[in-house]
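*Asks:* Structure incoming, see below.
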Amino acid sequence: MQISTDQLVPHLKRGLAPIYFVYGEETLLVDECCRSIRDAAQAAGYQDRQVFTVESGFDWNDLYACMQSLSLFAEKRLIELRLPTGKPGESGAKILIEIAAQAARDIVFMVSSGKLDKQVRESKWAKALETAGNVIAIYPLEAAQWPLWIRRRMEAKGLKPGPGVVDLLAHLMEGNMLACAQEIDKLVMLFGSGEVSLDDIEGNLGDNARFNVFALADASLRGEAATVDRILGRLRGEGVEPVLILWALAREIRELTQMATLIAAGQAPMRVLEMRRVWAKRKPLVTAALKRLSRDAWQDLLSRCARADRILKGRGAGDIWQELQCLALGMSGVKLHT
């Protein structure tokens, strides 16, 4: 069964499942979920804890033997398996399926991993763990989710954010959850509990936002020109290759051009979104972008992608970073000079 991070603590209060599978690219949340399960297990009498980490030369038979043996120290055991790559291999997959099929009441088996692709999530071993226990899948927060996450975390630490505090933290820390959590912990150390104002934090915070090429494309589709400039500057400063940025922008522009062409030909917008298999959570984003720019505007941007590609390959004159800026800002609705 799948449960969210918000559902985990209430679930643990009702009792422990025999198996937990926690994965995601937000290391902070993965670690905190595992800690919650670990604490709940200890409180419930699972005093014997054994940890296995899958690395080169790992013997899966050792794990299986541990699951089958009796504990010398406690009646109830917590056995943790850390699977950094998310790929147990053929032998590991078989062992995990067998463990899932033989879930025992006196053992809590917890598997943790990083980000998993769709093929791994749909694998037999992953499905077996989900069927026998609970899966907690953790995904990066979207921009609109950051303020609520920050407010909840501050309140959980005894801090009451004053006007503008949450917005400032969200602006400076977007995409960098670990840095944001550390800043909140620092505020606790500096001010203890109670209200925290803008005056308290301004000057003590750096810009620790972390972005990637997908965040740039999404900001462009949302029409957030200022955010586009900020993200592009950060990507350039971090040494991200222009070819990756062009790939992300061109992919969106190509898709939007095709959809805008279908709509201009008389197709209903919602029907076009279904035909192009746009994810439900991205439909508002794509719909807004299609309303913002005409078919001709998207075609012009597609032509600029070709020009940027020539510059990138040394076959045309121009500044590739300036071209990327024009593409991203053009997607956000800024009128460009040809």
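Every read-out reported here was derived from the displayed coordinates using simple, explicitly stated rules and does not represent laboratory data. Source: prediction; values computed, not measured. Cβ placement follows ideal geometry from the backbone for every residue including glycine, while neighbour counts extend to all protein chains displayed.
*Asks:* Starting from the amide H of Val22, placed 1.01 Å from N in the peptide plane, find each other amide H under 5 Å away whose residue is 5 or more places distant or on another chain.
*Replies:* When sequence neighbours closer than 5 places are left aside, the close amide H contacts are Val111, Ser112, Ser113, Ile136.
*Asks:* According to the square roots a ≥ b ≥ c of the eigenvalues of the Cα gyration tensor, what is the shape class of segment 5-138, taking rounded for a/c under 1.5, prolate for a/b larger than b/c otherwise, and oblate for the remainder? Please list the in-between numbers first.
*Replies:* Working: a/c = 1.57, a/b = 1.08, b/c = 1.45.
Since a/c reaches 1.5 but b/c is at least a/b, the shape of segment 5-138 is classed as oblate.
*Asks:* Ok, one more. Put +1 on the Cβ of every Lys and Arg and -1 on every Asp and Glu Cβ in the chain; which of Val334, Gly57, Leu256 then has its Cα farthest towards the positive end of the dipole?
*Replies:* Sorting the options by dipole projection puts first Leu256.
*Asks:* Something else now. What trypsin sites (Lys or Arg not before Pro) does segment 87-188 have in DSSP loop regions with at most 11 other beta carbons within 10 Å? Before the final figure, lay out the partial values.
*Replies:* Working: sites: Lys94, Arg105, Lys115, Lys118, Arg121, Lys124, Lys127, Arg151, Arg152, Arg153, Lys157, Lys186; in loops: Arg105, Lys115, Lys157.
Filter output for segment 87-188: Arg105.
*Asks:* Once you sort the root eigenvalues of the Cα gyration tensor of segment 143-201 as a ≥ b ≥ c, which label holds: rounded (a/c under 1.5), prolate (a/b larger than b/c) or oblate (the other case)?
*Replies:* Details: a/c = 1.60, a/b = 1.40, b/c = 1.15.
Prolate is the answer for segment 143-201, as a/c is 1.5 or above and a/b outweighs b/c.
*Asks:* Which value, in debye to the nearest 20, describes the size of the charge dipole of the chain about its Cα centre when Lys and Arg Cβ atoms bear +1, Asp and Glu Cβ atoms bear -1, and nothing else is charged?
*Replies:* On the way: 44 positive and 42 negative charges, 252 e Å.
Approximately 1220 debye in magnitude.
*Asks:* Turning to a different aspect of this structure: Charges at C-beta only: +1 for Lys and Arg, -1 for Asp and Glu. How large is the resulting dipole of segment 213-331 about its Cα centre, in Debye rounded to 20? All intermediate terms of the calculation are to be shown ahead of the outcome.
*Replies:* Working: 20 positive and 13 negative charges, 73 e Å.
It works out to roughly 340 debye.
*Asks:* List every residue whose amide H lies under 5 Å from the amide H of Arg77, counting only residues 5 or more places away in sequence or on a different chain, with H placed 1.01 Å from N in the peptide plane.
*Replies:* Under 5 Å from the amide H of Arg77: Ile107, Val108.
*Asks:* Then there is this: Using only alpha carbon pairs under 8 Å that are at least six residues apart, calculate the relative contact order of the chain and give it in whole percent. Mind dumping the intermediate values first?
*Replies:* Values: 431 pairs, mean separation 53.7, N = 338.
It rounds to 16 percent for the chain.
*Asks:* Could you give the angle, 0 to 90 degrees to the nearest 10, between helix 320-331's Cα long axis and the longest principal axis of the Cα atoms of the chain?
*Replies:* Between helix and principal axis, roughly 90 degrees.
*Asks:* While we're on this one: For segment 235-305, give the magnitude of the charge dipole about the Cα centre (Cβ charges: +1 Lys/Arg, -1 Asp/Glu; no others), in debye to the nearest 20.
*Replies:* Working: 13 positive and 7 negative charges, 63 e Å.
Roughly 300 debye for segment 235-305.
*Asks:* Which loop-located chymotrypsin sites (Phe, Trp or Tyr not before Pro) does segment 253-338 contain, where loop means any DSSP state but H, G, I, E or B and the Cβ has at most 16 other Cβ atoms within 10 Å? Present the calculation step by step, with values, prior to reporting the outcome.
*Replies:* On the way: sites: Trp279, Trp298, Trp321; in loops: Trp279.
The qualifying sites are Trp279.
*Asks:* Let me ask you something else. Given (i) 0.93; (ii) 1.00; (iii) 1.05 as candidate values of Rg/Rh (Cα atoms, Kirkwood Rh), which corresponds to the one derived from the coordinates?
*Replies:* Among (i) 0.93; (ii) 1.00; (iii) 1.05, the one calculated here is (iii).
*Asks:* What 222 nm value per residue comes from the helices of the chain, counting each DSSP H run with n ≥ 4 as -39,500 (n - 2.57) and dividing by all residues, nearest 500 deg cm²/dmol? Please report the intermediate quantities before stating the final value.
*Replies:* Working: 17 runs with 194 residues, N = 338.
Value at 222 nm, helices only, nearest 500: -17500 deg cm²/dmol.
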